[in-house]
Amino acid sequence: MHTYQIVYVVALSCAILEIFTTTFILLSFSLGFVTVAMTQQLLGTTNYNRDLLIFTVISAICIYVFRKLFAGRRDTDVTEDDINQY
């Protein structure tokens, strides 16, 4: 198996596990892995520094976008009152 094929399997595993967690973190990782696998397949090489950088940047962007896009009401509420009042 080529390295990019293994990365595709890891991406698919993260996407399947996301169904059970519903936090969009693993989906972000899955998109990062898919991007790395496509880069490896298109360029025909495996450069671990490049792949780690691509994975980190794409995953961070996806996490930020998913948090903004799917933020629930509980994620955006700001408590105005003192939480220690009885």
Give the residues of the range 10-26 that are free of Cβ contacts under 8 Å to residues at least 12 places away in the same chain, of a type in the set (A, V, I, L, M) and either surrounded by 13 or more Cβ atoms within 10 Å (Cβ to Cβ) or not in a helix (DSSP H, G or I) (or both), sorted by residue number. 17
Only one residue in 54, 83 is at negative phi, at pLDDT 95 or above and β-branched (Val, Ile, Thr), so which one is that? 54
Restricting the range 39-50 to residues that are assigned to a helix (DSSP H, G or I) and in contact (Cβ under 8 Å) with a residue 24 or more places away in the chain, the one surrounded by the fewest Cβ atoms within 10 Å (Cβ to Cβ) turns out to be 41
For residue 29, indicate whether it is under 13 Å from the mean Cα position of the chain (by Cα), farther than 18 Å from residue 1 by Cα and assigned to a helix (DSSP H, G or I). yes
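The values are calculated or read from the model by the stated rules, or taken from the named source; none is laboratory data. Just so we're clear, the structure is a prediction, and the values are computed from it rather than from any experiment. So basically every Cβ, Gly included, is an ideal-geometry build from the backbone, and we count neighbours across all protein chains shown.
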